[in-house]
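The values are calculated or read from the model by the stated rules, or taken from the named source; none is laboratory data. Keep in mind it's a predicted model, so treat the numbers as computed, not measured. Positions of Cβ are backbone-derived with ideal geometry, glycine not excepted, and every protein chain shown enters the neighbour counts. To get the accessible areas, we keep the full protein, side chains included, count just its heavy atoms, and leave off ligands, DNA and RNA. Shrake-Rupley method; radii C 1.70, N 1.55, O 1.52, S 1.80 Å.
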Amino acid sequence: MDNESYLLARGETSPTALSAADFGAETGLPRILDLLDLYQIPASFFIPAVSALLHPEMVPAILKSGRHEIGVHGWIHESLTALASESEEERLLNRAINYLTEATGKRPVGYRAPAWAFSKYTVGLLRRSGFLYDSSLQAMDEPYELVSNDEPTGIVELAIDWTLTETPYLGRGGTLPSPELLFQLYKEEFDGAYEQRTMFVLTLHPHVSGHRAPLHHLDQLIAYMKSKPGVWFATGEQIARYVKEPGQAQ
């Protein structure tokens, strides 16, 4: 749920650009939630705290069904590598955690770095903050444990993939003329994960995928996934708890 945050973080104030991102809160999110309600499946929403601050109606809407999870995605989609300051990164992380904890009534256990980019301080800060899992890195396409300086961290990594997100193709500056080919890729990636009996993580942005054509293809993809026996639709928290304590996740 980036909405305007990633633009504001880099100083963009164009009403045109901001309105296109605002679409994610005003139109994209309600459409996405309606689709998830239709299929009765959960999702994890990673929200920059400023996005939630600008659109306070988002958090109650996401939590209304009782199925979804809200995770941390920075304070204002800040660039952690550009900050180059452990104290400033920690200040913004704690500010985001505190805001989302107050807004949701529960301390978030999942983290996804803005732009999926860690600084050299990020893993240490995530450990210090007690996160159950991260979903920013890409070393494997199944869950694994983060290791830092040859030391296991206890943090479950639910890896993402630049091919399994729509913004490079359909977002601002994207060059793909139709979402049909992109969702064919998603289907084939899902088929591979299903065959291997492992994880499929799709990262979508309501200000992009909440438009009519991508949403149509997302509907078809979910229906296809639901048609396969034994598929478990779960939040990041549920997956991470299952990995750490098999059979204990709810």
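Looking for something open to solvent by 60 Å² or more (accessible area, probe 1.4 Å), in a strand (DSSP E or B), without any contact (Cβ under 8 Å) to a residue 12 or more places away in the chain and out of contact with any strand residue (DSSP E or B) (no Cβ under 6 Å at 6 or more places or on another chain) - is there at least one such residue anywhere in region 141-160? Yes, the conditions are met somewhere in region 141-160. The requirement of being open to solvent by 50 Å² or more (accessible area, probe 1.4 Å) and either in contact with a Ser or Thr (Cβ under 6 Å, 6 or more places away or on another chain) or in a loop (DSSP other than H, G, I, E, B) (or both) is fulfilled somewhere in region 81-99, by at least one residue. Out of the residues in region 24-50 that are among the hydroxyl-bearing types (Ser, Thr, Tyr) and assigned to a helix (DSSP H, G or I), state the one that is farthest from residue 133 (Cα to Cα). Ranking the candidates gives 27 first.
Are any of the residues in region 174-182 in contact (Cβ under 8 Å) with a residue 60 or more places away in the chain, open to solvent by 40 Å² or more (accessible area, probe 1.4 Å) and out of contact with any Lys or Arg (no Cβ under 9 Å at 6 or more places or on another chain)? There is no residue in region 174-182 that is in contact (Cβ under 8 Å) with a residue 60 or more places away in the chain, open to solvent by 40 Å² or more (accessible area, probe 1.4 Å) and out of contact with any Lys or Arg (no Cβ under 9 Å at 6 or more places or on another chain).
Screening region 120-140 for residues that are assigned to a loop (DSSP other than H, G, I, E, B) and open to solvent by less than 20 Å² (accessible area, probe 1.4 Å) and picking the one that is farthest from residue 161 (Cα to Cα) gives 131. Considering every residue within region 230-237, establish whether at least one is surrounded by fewer than 17 Cβ atoms within 10 Å (Cβ to Cβ), out of contact with any helix residue (DSSP H, G or I) (no Cβ under 6 Å at 6 or more places or on another chain), small (Gly, Ala, Ser) and not in a helix (DSSP H, G or I). Checked against the condition, which is being surrounded by fewer than 17 Cβ atoms within 10 Å (Cβ to Cβ), out of contact with any helix residue (DSSP H, G or I) (no Cβ under 6 Å at 6 or more places or on another chain), small (Gly, Ala, Ser) and not in a helix (DSSP H, G or I), region 230-237 yields at least one hit.
Scan region 238-249 for residues that are assigned to a loop (DSSP other than H, G, I, E, B) and either touching a helix residue (DSSP H, G or I) at 6+ places or on another chain (Cβ under 7 Å) or open to solvent by less than 30 Å² (accessible area, probe 1.4 Å) (or both) and report the count. Residues meeting the conditions: 2.
Taking residue 84 as the residue in question, decide whether it is among the small types (Gly, Ala, Ser) and modelled with pLDDT of 95 or more. So residue 84 fails the test.
Just wondering, is there one or more residues in region 205-226 that are part of a strand (DSSP E or B), of a type outside the set (Val, Ile, Thr) and surrounded by 13 or more Cβ atoms within 10 Å (Cβ to Cβ)? No, every residue in region 205-226 fails to be part of a strand (DSSP E or B), of a type outside the set (Val, Ile, Thr) and surrounded by 13 or more Cβ atoms within 10 Å (Cβ to Cβ). When 103, 117 are checked against the criterion of being in contact (Cβ under 8 Å) with a residue 24 or more places away in the chain and open to solvent by 40 Å² or more (accessible area, probe 1.4 Å), a single residue qualifies: 103. Scanning region 51-74 for residues being open to solvent by less than 30 Å² (accessible area, probe 1.4 Å) and in a loop (DSSP other than H, G, I, E, B) gives a total of 4.
Name the residues in region 205-245 that are more than 17 Å from residue 68 (Cβ to Cβ) and either of a type in the set (Gly, Ala, Ser) or touching a strand residue (DSSP E or B) at 6+ places or on another chain (Cβ under 8 Å) (or both), would you? Across region 205-245, the qualifying residues are 213, 223, 227, 230, 243, 244. Inspection of region 165-181 finds no residue satisfying the criterion of being among the aromatic types (Phe, Trp, Tyr), more than 27 Å from residue 4 (Cβ to Cβ) and part of a helix (DSSP H, G or I). Taking residue 110 as meeting all but one of (1) crowded, with 20+ Cβ neighbours inside 10 Å; (2) over 17 Å from the mean Cα position of the chain (by Cα), write down the number of the exception. Evaluating residue 110 over (1) crowded, with 20+ Cβ neighbours inside 10 Å; (2) over 17 Å from the mean Cα position of the chain (by Cα) leaves (2) as the failure.
If you go through region 52-79 and keep only what is under 17 Å from the mean Cα position of the chain (by Cα) and of a type in the set (A, V, I, L, M), you end up with 52, 58, 59, 61, 62, 63, 70, 72, 76.
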